[in-house]
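Here the structure is laid out as structure tokens; the discussion comes afterwards.
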Amino acid sequence: MSGNTQIRKGHGDLVPQSRGWTLITGASSGLGAEFARIAARGGRRLILSARSEDRLEKLASELRERVEVVVIPADLARPGAAERLWREASEGRRIEILVNNAGLGLNRRFGDGGVEEAEKLVAVNVSAATVLMQAAVGHMRREGAGHILNVASVAAFVPGPGMAVYHATKAYLLSLSDAVTAELQAEDSDVAITALCPGPVETGFFDAAGMSSDGPSGPMRPARARDVAQAGWEAMLARRQTVVPGGMTRLAAFAGRVLPRGLTARIAGRAYGKA
């Protein structure tokens, strides 16, 4: 993924700009916006996608001083939206980085209420992420190299009573990332996949999921989105397979691997006030 052009920044400074493109989903706020800022500082041309066109355009205006930015609004919960997004994003462009960041949460006992919210969560967290990742792997293989950063969660390591579907979707994304990594390594590919598994992050996620903005109770307090995004970005460029930022988060992930799943489920349920 070599070769750069240069664009003008404020006051006439020249900034190297990558010839490839970085596609970021869920880019309008939180981790997505921080990934976009990090990429722009590195001179990477950006394709930003989320549901809110107004918020995307506001972020794009901020970043266009540094790099070229394309905005493609998309609601990934809708059938076919992920395919359309990839088709539009990749038309005439080489995507060298995909950040699969879009995600939804749902804080509710399984079986309570209707199924529409759970269907949307699975559509975004599983179906859309899979479609985009599959398209990116094929595209990057043909181009000879690329990076995919899948934003999973420490929730991938433990069952989550009260957020059962959310935890299950993140376990799926982590498993998919690991399996496809093994496939790519077996063929000696230069396409690399990194799964970012943070704990609570200071974003609008908890409010959107119907939780306190402070997140679950317990020793893991929300980390700054900027710090988590930086850790994930650096791990991706270093071709690390999995990154779990934060000492308490790494301890929780380790516990999820070694302790009985029934026990970790009860602990998680207490943190969510559901068990």
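Laboratory data are not the source of any read-out in this text; all were calculated from the coordinates shown. The model shown is predicted, which means the values in this text are computed figures rather than measured ones. Here Cβ is always computed from backbone atoms with ideal geometry, including for glycine, and neighbour counts include all displayed protein chains.
How large is ³J(HN,Hα), in whole Hz, for each residue of region 86-103 in order, when computed from phi with the Karplus curve 6.51 cos²θ - 1.76 cosθ + 1.60 and θ = phi - 60°, using x for Gly and Pro?
Rounded to whole hertz, the list is 5, 4, 6, 5, 8, 5, x, 10, 9, 8, 9, 9, 10, 10, 7, 10, 4, x.
Would you compute the Debye intensity of region 96-200 from its alpha-carbon atoms alone, equal scatterers and no solvent, and pass along log10 I(q)/I(0) at q = 0.11 Å⁻¹ to two decimals?
-0.35
Spelling out what I want: for every residue of region 68-82, take phi, set θ = phi - 60°, compute 6.51 cos²θ - 1.76 cosθ + 1.60 (Karplus), and round to whole Hz; glycine and proline get x.
6, 10, 10, 10, 10, x, 7, 9, 6, 6, 7, x, x, 5, 5
Which length gain, in nm to one decimal place, applies between R141 and E91 when the Cα-Cα distance is subtracted from 0.36 nm times their residue separation?
Details: separation 50, 0.36 × 50 = 18.00 nm, distance 1.64 nm.
Fully extending the segment from R141 to E91 adds 16.4 nm.
If we sort 143-151, 222-230, 163-171 on the protection proxy, mean other Cβ atoms within 10 Å, highest first, what's the order?
Per-residue Cβ counts within 10 Å, averaged per peptide and sorted highest first, yield 163-171, 143-151, 222-230.
Please list, ordered by chain and number, the residues whose modelled amide H lies under 5 Å from the amide H of A102; skip anything fewer than 5 residues away on the same chain.
It is T25, G26, by chain and number.
Amide H of G146 versus every other amide H placed in the peptide plane: which residues, excluding those fewer than 5 positions away on the same chain, fall under 5 Å?
V191, A192
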